[in-house]
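Visitor: What follows is a single structure, and I will ask about it in a moment.
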Amino acid sequence: MENRSFRIKGMCCGEEVRLLRSEVAPLVGGEENLSFDLLKSVMTIKGELAPKVGEQIIAAVGRTGMEAVVLDGLCSTGVCPATEENVWEKHGRLFSCVAGGVLMAAAFVFQALRTGNLSAALTSESAAPSFAVGLYFASILAGGWFVLPKALYAAKKLRADMNLLMMAAVVGAVVLGKWLEAASVTFLFSLALLLESWSLEKAKREIAALLDISPRVARFICPNDGKIEEKPVDEIPVGTTVVVRPGERIPLDGIITKGITSVNQAPITGESAAVYKETDSEVFAGTINEEGAIEFRTTRLSVDTTLSRIVRMVEEGRSRRAPTEQWVDKFARVYTPIMMLIALAIALLPPLATGGNWANWFYRSLVVLVIACPCALVISTPVTIVAALGSAARNGVLIKGGAYLELPAHLKAFAFDKTGTITYGEPAVKEVLPVDNHNQTSLLANAAGLEIHSTHPVARAIIRHVQAMGISPQVAESFTILPGQGAEGRIGGRNYWIGNHRMLERWRRLSPVFTDKIDRIEQAGNSLMVMWCDDHICGLVTVADRVRPEAQEAVAGLKALGVERVVLISGDNNKSAALVANAIGVDECHSELLPADKVGLVSDLKTKFGGIAMVGDGINDAPALAAANVGIAMGAMGSDAAIETADVALMSEDLTKIPWLIRHSKKTMAVVKQNIFFALLIKCLFIGMAAAGVATLWEAIAADMGASLLVIFNGLRMLRVTDGGTRGSKNRVAPQVP
């Protein structure tokens, strides 16, 4: 389903997003079909649009005082092309602000010279001459050029927003004859919008810099004459041989065909240690070739590289709003009308109740209108969330939206799959035990003939062992996978099965002798596969896996962060799972689980603890990942399925990234709460000062501008978050499994 995207000129604050939601949502079937990227000023609509609907959307955006430009649907790929802008479109806010300031200053100087009283001109105690009034009026028009259309739209819709609040304050000051303050409010508000726009542009550039690390050109070997030429990466087809010198970034994903080197994969995985690479090793766009010159064969186009997919996921993640962000939006809808009612009450009630000076209380109400502007409150959350998403991607943790960034801070339970997550997932064959007349060669050949179809880690271990021994298996026909048990197929005209002991129980092939042997193998912490043919057992193959050295540290880190329950779940036998569980220090261990059993267990834990994260490989554990509140895929670099399946994808296989994710989530939410608290504190403080008559319009607009800028830059601190993983520590030792 193709999406349609629009660049929205004039969208620089959450208030404008709210206006667009209310105006455009009815045309596209509801708010669920709308998403906004505030930093890119892009509105995306899910699904295809009829030409007539597209025209209606452009007209609807125009009614809000903004302008929509069609982006040809390219933003659905995460790439938003720049649209041609004239000088006014690029710098109109700057021109408007400067013109308003210059005209206001000229009016003030003229008034001061004409009246001969600088203090009276500054405090608006003397009436401004007609020429000064004209200049002040021109200043208000210039400074409010981008504000007035939006304010008129809000007034027409009877929907209070920051633009209406500002213009109401300006009109009120004009009614009171305070032309200088009216012009000052307009100028300072336009300056605040300009600075806010610049700060958002800064955030946009910094976040883009985190992700835009892939070279623009690549040197490749021309197949015709063997010469090295350069081309833009977008023009390099799959299968091209690319040359990369030491110190250069790798431009595309591929497989090394010549050379040995070490590659810094930190831009994608966040790992500090370089990774050794040789012939047949996989390399990724955006990573840095540190030592030797290499040649590699490209395996993906530039738009499909691992880095490109990460960029797309981060772009799409911006539109998935965090619960706190949604709460702020809902709060702002109620907050702004309430503030207008408070301002109205301040203007009317004291004079009516006490006979106070109407002009004095009216002025105080104008101060409340100015400070009531909700922009600082509304913009505080999305800037922080987007910055945190960007820094997480830089650290090798791909989070698919604000909701999945916020949730880890509140989770009380984690479930880990064993094979491929807590362990390396690459078990090795330890022992081959043929039975009766079978020998090791025939047993392994038949086992490999079945397992060659499978991607299960145990199956791959058998295949690697067979290849190392130089055995050539006969590939099985009529192959069928039996989920959670094993597989069956036909080799040389006979039916063969290979699987765990549950399959033996199912076929009632177990004897006391084999039961004892299986128990001894499992007591040693090994997994086993049983091979049999038609009416007899052919033999056993035992395999063992290794626990990741950082697993124990990761579990301890989770508990230190307040996680109440860490659970190990596995389809492996009870003894193997229990040995690993004891070695890494989890609270519970559940073994011999089928995929459906894992889903049921995750659902039960979700109900018991109110929320759970499931950590798995993103492919075999997809149902359990989907059942959890947050699904976390391990080692997703280069894996389309892992990146697509999970809510969070760890681009490296470092388990310490999971405690880092919780710390990152908690820090992000702390910054969000700081911003919300500060924005509300400033407003409450100035409302009290306005009611007491000790705050001026200038002070209110300066405070509001300062609050907006402060929450933006406080949120941008999340861009500076560094890697919390400790992969590669010299002191780290794998936990010992007896």
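Visitor: Residue 106 fails exactly one of the following numbered conditions: (1) modelled with pLDDT under 80; (2) part of a helix (DSSP H, G or I). What is the number of that condition?
Guide: Looking at each condition in turn, residue 106 falls short on (1).
Visitor: Report every pair of residues separated by at least 6 positions or lying on different chains whose Cβ atoms are under 6 Å apart, first residue within region 457-482 and on the phi > 0 side of the Ramachandran plot, second at pLDDT 85 or above and buried (at least 16 other Cβ atoms within 10 Å of the Cβ).
Guide: Every condition considered, the pairs that remain are 478/489.
Visitor: Any residue that is in contact with a helix residue (DSSP H, G or I) (Cβ under 6 Å, 6 or more places away or on another chain), buried (at least 21 other Cβ atoms within 10 Å of the Cβ) and within 30 Å of residue 393 (Cα to Cα) - is there at least one of those in region 679-695?
Guide: yes
Visitor: If you don't mind, there's one more thing I want to ask. When you look at residue 621, is it surrounded by 17 or more Cβ atoms within 10 Å (Cβ to Cβ), outside the structural domain of residue 568 (by TED's automatic domain parsing), of a type in the set (Asp, Glu) and modelled with pLDDT under 80, yes or no?
Guide: In short, no.
Visitor: Here's something else I'd like to know. Report yes if residue 436 is outside any helix (DSSP H, G or I), at pLDDT below 80 and out of contact with any Phe, Trp or Tyr (no Cβ under 6 Å at 6 or more places or on another chain), otherwise no.
Guide: Working: outside any helix (DSSP H, G or I): yes; at pLDDT below 80: yes; out of contact with any Phe, Trp or Tyr (no Cβ under 6 Å at 6 or more places or on another chain): yes.
For residue 436, the condition - outside any helix (DSSP H, G or I), at pLDDT below 80 and out of contact with any Phe, Trp or Tyr (no Cβ under 6 Å at 6 or more places or on another chain) - is met.
Visitor: Collect the residues in region 34-63 that are in a strand (DSSP E or B) and either farther than 27 Å from residue 381 by Cα or touching a Phe, Trp or Tyr at 6+ places or on another chain (Cβ under 9 Å) (or both), keeping them in residue-number order.
Guide: The initial filter retains those residues of region 34-63 that are in a strand (DSSP E or B), namely 34-37, 42-45.
Result: 42, 43, 44, 45.
Visitor: Sticking with this one: If the requirement is being more than 27 Å from the chain's Cα centre (by Cα), at pLDDT below 80 and buried (at least 18 other Cβ atoms within 10 Å of the Cβ), which of these qualifies: 367, 328, 386?
Guide: 367
Visitor: Is one or more of the residues making up region 84-101 at pLDDT 60 or above, buried (at least 17 other Cβ atoms within 10 Å of the Cβ) and outside any helix (DSSP H, G or I)?
Guide: Among the residues of region 84-101, not one is at pLDDT 60 or above, buried (at least 17 other Cβ atoms within 10 Å of the Cβ) and outside any helix (DSSP H, G or I), which makes the answer no.
Visitor: On to the next question. Filter region 124-152 down to residues that are in a helix (DSSP H, G or I), at pLDDT below 85 and among the polar types (S, T, N, Q), then give me how many there are.
Guide: Qualifying residue count for the region: 1.
Visitor: Okay, next question. Which ones in region 405-423 are closer than 20 Å to residue 653 by Cβ and in a helix (DSSP H, G or I)?
Guide: 408, 418, 419, 420, 421, 422
Visitor: Please verify whether residue 451 is within 42 Å of the chain's Cα centre (by Cα), among the charged types (D, E, K, R) and closer than 22 Å to residue 517 by Cβ, treating the condition exactly as stated. Step through it out loud before you land on a result.
Guide: On the way: within 42 Å of the chain's Cα centre (by Cα): yes; among the charged types (D, E, K, R): yes; closer than 22 Å to residue 517 by Cβ: yes.
So residue 451 fits the description; yes.
Visitor: Something else: Does residue 670 count as among the small types (Gly, Ala, Ser) and at pLDDT below 90? Before you say what the answer is, go through the steps one by one.
Guide: Values: among the small types (Gly, Ala, Ser): yes; at pLDDT below 90: no.
No: the conditions fail for residue 670.
The values are calculated or read from the model by the stated rules, or taken from the named source; none is laboratory data. All figures in this text were calculated on a predicted structure; none of them were measured in a lab. In this analysis, Cβ positions are derived from the backbone assuming ideal geometry, glycine residues included, and neighbour counts consider all displayed protein chains.
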